[in-house]
Amino acid sequence: MHWLGRHRRFVVAAICALCSGVIVAVHFFPNFPFLSAVWRQEQNFEDFLQREGRKTATHPDFVFLGLDQTTLELPPFSAEELASSRALQLMTERPYPWSREVWALLLDRLFGAGARAVMFDFVCNPPNDGDPAFHAALDRYRDRVVVGANFDLSQNMQAVLPNATLIPPPALLDDRVGFVIFFSDPLDRKVRTVRYTTTDRILAELPPHPSQEVFYAMSARVLAKIGHTADIPLDFLPRQFRFSANNAYPPRPLYEVFDPKFWHANYADGAFFKDKIIIVGASSQVQHDFVATPMDPDTPGPVLHLQAIAAAIDHDFLQPTSERTDLILVCLAGLLAWTLIAFVRRPLICLIALLAIAAAYLTFARVAYDRAGLLVLVVPVLSAFLAGGMLSLGFEFVLERMEKLRTRRTLERYVSKNLVKEILENPDSFYSSLRGVRLPATILFSDIVGFTTMTESADPEKLVSQLNEYLSRMTAAVFENNGTLDKFIGDAVMAVWGNVSSRGVAEDAKSCARAALAMRRELHWLNQKWKADEFPPFAIGIGINHGDVLGGNIGSQEKADPTVIGDAVNLASRLEALTRTYPVDILVGERASELVRDEFHLRSVALVQVKGKTKPVEIFTLIGEKKDAGDQEFLKRLETYEAGFRKFRERDFRQAKILFSQFLEFYPEDALAKMYLERALEYEEQPPDATWNAVEVFKKK
């Protein structure tokens, strides 16, 4: 414990270093099932930036003509509409795939309208009766048209090319042919990058060689044909690019280009296509040309080509930080966490600072992404920072709790438990109360009857052991009922409710009453135990009073104790002493009785004027809590006693005698009833003078 406290900064440094070290190690050994997820989550965060961050600008000159379900099924056409369109005739002759003459007619129509470039996002591999017409169109518009090729991933990247009738071999070297494949992430099959160029050796996973053949993506071919050759990345590397918005390039039904009414209404007789870059491809689910991207799990393949072209034109590529930079950031995160926790000793400020720094770093990552296309490492860095910081805070919390527990246990050996709690948990309010404050409180005094006499004849060692056991039980009763142990006065106990902390004057008084009843029960149990051990029994007297007291740190400059003083305290002490006069073990003052009467059974004892008081006070004894069953017969007969007590006060001694006698028929050993019966008999024979008011005046303490 002491070693941890002395070397806390070293321990915090070890925690932060361990967190950073583990994350760095997992980067090189990614086989830890849980920890490796930290690095995998980085990809999810980058995907989040793609969805929520800045997008590549939408190019209004890009058009997607889609083979949607409507185009594949075709609506009914009138005879005049079919007669006026050779393409519609071919499209209605048989289901898709139609005669490739349709594509030739499409090129004529689009380039006739002034289109800038057209690309076909599919591979025209099997022979088709329209191949000669399409071949002728490809030759006519060779500087403005591109068709697709593919690599079969299931056949060791075997090329799938347009048939030789359309493009003579070697087709991949023809500038009208570009590969359409996007290589997805092997972990989650999402497309995040585009290769504008690749080689046969890269596809075969072989090192580069001067003899390698270079292949161009469809996007690269189109970029060259529209005058953006300089914007094509030629480094054969996969380029992570910024996506456009999800609905940037919605598909337009292909058949509308050939339908006269839509050609006129939607495309202004072809003026819409002037200077447009057009891609033709599948947009229906049945065609299965959808890929998962960070933006959408079902992104149409043709849209990806348009986004790749837009990213190249706008130079909107994303650049992740280098591996070396990533590892340095993780280590710096651990160092920053250590600096914060080790030198800022206030946990709440540390926690707020941790969260603020994490939020600032996230903001920085977002700004870097939006403005510079820089993908700063986030998840592993913040994991190292927050894990190191939180675990260090946890260590600091445990260390503080251990220190508090050690301090609490040490203090509790000398002062009350709730006083220790108040000092440790609310030091400011406690220390301010030590300067002196007037407050309502309930005070309890308890004392062993005849203890001084016992000390003269008892075995000292046994008596001290017995006394310590007794005091332990009595103080436990105080603590269990939220009281403050004010002090031991020899064998006497002084306890207070409401000085250190209060739950309301009524509840404080009731807690004090419960403590007194608990003391009664504990003493009964102890006496039975001591009888078996042949120890002499104890009898105690308890006095309870409520009133305003002066609380503060009372004493000299050399020694002072937090305690309460005042008339209410003195009266509680006097009541405890009166238990020797009145044959009861608990006496309750008038103000305290008013506060507890609704939940406790009380019995009238006397109207007394103690030494130092000018006004008499009613005193009562505690019977028990009303919620406990108790002796219902006794409580019922007690009404007779109370009636006799009232008659005694009213000087009706004859009636009082009768009532006390009736009560004693059932409880002949009741000392209090016996005492009042004797007085009633005495006063009946020799009545007191006219000034008698039933007040008993005590001149001694």
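Only one of (1) among the hydroxyl-bearing types (S, T, Y); (2) modelled with pLDDT under 90; (3) in the same structural domain as P250 (by TED's automatic domain parsing) fails for T71. Which number is that?
Condition (2) is where T71 drops out.
Applying the selection to region 675-697, what residues are among the β-branched types (V, I, T) and in contact (Cβ under 8 Å) with a residue 12 or more places away in the chain?
Passing the criteria: V695, V697.
Under 15 Å from F479 (Cβ atoms) and loosely packed, with under 13 Cβ neighbours inside 10 Å: does that describe R514?
no
Would you pick out the residues in region 55-78 that are touching a Lys or Arg at 6+ places or on another chain (Cβ under 7 Å) and assigned to a loop (DSSP other than H, G, I, E, B)?
Residues satisfying the conditions are K55, T56, D61.
Among the residues of region 609-627 satisfying the criterion of being modelled with pLDDT of 90 or more and aliphatic (A, V, I, L, M), which is surrounded by the most Cβ atoms within 10 Å (Cβ to Cβ)?
Filtering region 609-627 for residues that are modelled with pLDDT of 90 or more and aliphatic (A, V, I, L, M), the one surrounded by the most Cβ atoms within 10 Å (Cβ to Cβ) comes out as I619.
Output the residue which, of all residues in region 443-460 that are part of a loop (DSSP other than H, G, I, E, B) and more than 59 Å from the chain's Cα centre (by Cα), is surrounded by the most Cβ atoms within 10 Å (Cβ to Cβ).
Here the residue is A458.
If A115 satisfies all but one of (1) at pLDDT 95 or above; (2) not in a loop (DSSP other than H, G, I, E, B), what's the number of the condition it fails?
(2)
Being touching a Pro at 6+ places or on another chain (Cβ under 6 Å), assigned to a helix (DSSP H, G or I) and not charged (D, E, K, R) is the requirement here; does N553 meet it?
no
Between a first residue in region 57-79 that is buried (at least 18 other Cβ atoms within 10 Å of the Cβ) and a second residue that is at pLDDT 95 or above and part of a loop (DSSP other than H, G, I, E, B), which pairs have beta carbons less than 9 Å apart while being 6 or more apart in sequence or on different chains?
F62/K276; V63/A115; V63/K276
Can you tell me which residues in region 74-91 are of a type in the set (S, T, Y) and farther than 15 Å from E256 by Cβ?
Correct list: S78 only.
Table: residues versus (1) part of a helix (DSSP H, G or I); (2) touching a strand residue (DSSP E or B) at 6+ places or on another chain (Cβ under 7 Å).
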residue	(1), (2)
T621	no, yes
K627	no, no
F648	yes, no
A656	yes, no
Q662	yes, no
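Each row is one residue, and each column tells you yes or no for (1) within 49 Å of the chain's Cα centre (by Cα); (2) among the aliphatic types (A, V, I, L, M); (3) farther than 21 Å from T56 by Cα.
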| site | (1), (2), (3) |
| --- | --- |
| I202 | yes, yes, yes |
| E205 | yes, no, yes |
| M218 | no, yes, no |
| K225 | no, no, yes |
| R242 | yes, no, no |
| Y255 | no, no, yes |
| W263 | no, no, yes |
| K274 | no, no, yes |
| S283 | yes, no, yes |
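Restricting attention to region 517-550, which residues are closer than 22 Å to D459 by Cα, outside any helix (DSSP H, G or I), modelled with pLDDT of 90 or more and of a type outside the set (V, I, T)?
Of everything in region 517-550, those that are closer than 22 Å to D459 by Cα, outside any helix (DSSP H, G or I), modelled with pLDDT of 90 or more and of a type outside the set (V, I, T) turn out to be P537, F538, A539.
Confirm whether R176 is over 21 Å from D61 (Cα atoms), among the basic types (K, R) and either out of contact with any Cys (no Cβ under 8 Å at 6 or more places or on another chain) or crowded, with 20+ Cβ neighbours inside 10 Å (or both).
no
What single numbered condition from (1) crowded, with 16+ Cβ neighbours inside 10 Å; (2) touching an Asp or Glu at 6+ places or on another chain (Cβ under 9 Å); (3) closer than 29 Å to R51 by Cβ fails to hold for P233?
It is condition (2) that P233 fails.
The values are calculated or read from the model by the stated rules, or taken from the named source; none is laboratory data. This one's a predicted model, so the numbers in the text were calculated from it and none came from an experiment. Glycine gets a Cβ as well: all are built from the backbone with ideal geometry, and neighbour counts include every protein chain shown.
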